[in-house]
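For reference, the structure discussed in these notes is given below.
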């Protein structure tokens, strides 16, 4: 499995950018950024069997690099920021959850994740695609196509499920000037989450549902404005 998809074209004037996709996503979700950035976009299926420390060693060099992360990739980016603050620059965290704070929340999420794992192991690609697109979370979004076998995504929940991840918000406050969160105004679940949990951070609102990564023009402008100079 190819690890890195790079947008490098030999230009030394482009800023480097690490891009982390979401569950069921791919490095190609960020193709629209290649024209403006020297893009490093790993296929996270090749990394989720490793520890977060190993992921950081694989992806990060000595020079600070900004990160854009979507959903699962946003939480992964936040953890890398906390573990490797000298190697991770500004972070753009879109449609991401920064960890559960209370035990009952974790138990409820654990139950949900077990059901997802079972479906990944038993449903066909088409069946899982239909199930996933019908979730309440995506009611304001266009459906997506799944381009790989569902079984390939099990480790996203087995090893990096939200129920297993630490609560990050308190620690992230130390870097609040380097972080911009982004959420869709029609994503009611995460809109409530951001308003409740992220009052100490900068939040950019997109006119869409959960799948903000499709807001290509607005994302390009946001990144260019924030990373210029």
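For each of 106, 79, count neighbouring Cβ atoms within 10 Å of the residue's Cβ, then give the residues from fewest to most.
Values: 106 18, 79 24.
Least crowded to most crowded, the residues run 106, 79.
For the chain, give me the percentage of DSSP beta bridges that are antiparallel, rounded to the nearest 5 percent.
Values: 3 of 24 bridges.
Percentage antiparallel, nearest 5: 10.
Compare 112, 30, 128 in a GNM of the chain, Cα atoms joined below 10 Å, and give the one with the largest fluctuation.
Highest fluctuation of the listed residues: 112.
Would you look at the GNM of the chain, springs on alpha carbons closer than 10 Å, and say which of 67, 179, 144 moves the most?
144
How much length, in nm to one decimal, is gained on full extension between residue 26 and residue 122, taken as 0.36 nm per residue of separation minus their Cα-Cα distance? Before the final figure, lay out each step's value.
Numbers: separation 96, 0.36 × 96 = 34.56 nm, distance 2.20 nm.
Separation in residues times 0.36 nm, less the Cα-Cα distance, equals 32.4 nm.
Mind telling me which of 64, 125, 115 comes out most flexible in a GNM of the chain, alpha-carbon contacts under 10 Å?
115
Evaluate the relative contact order of the range 103-156 (contact order divided by residue number), counting alpha-carbon pairs under 8 angstrom at least 6 apart; express in whole percent. Mind dumping the intermediate values first?
Values: 25 pairs, mean separation 22.5, N = 54.
Relative CO of the range 103-156 lands at 42 percent.
Could you check the simple spin-label distance between residue 169 and residue 221, using points 7 Å along Cα→Cβ, in nm with one decimal?
That separation, rounded to one decimal, is 2.9 nm.
How do 176, 208, 91 line up, fewest other C-beta atoms within 10 Å first?
Values: 176 14, 208 20, 91 23.
With the fewest neighbours first, 176, 208, 91 line up as 176, 208, 91.
Any read-out appearing in this document is the output of simple, stated calculations on the displayed coordinates, not a laboratory observation. Because the structure is a prediction, the values reported are computed rather than measured. As a convention, Cβ positions derive from the backbone with ideal geometry for all residues, glycine included, and neighbour counts pool all protein chains shown.
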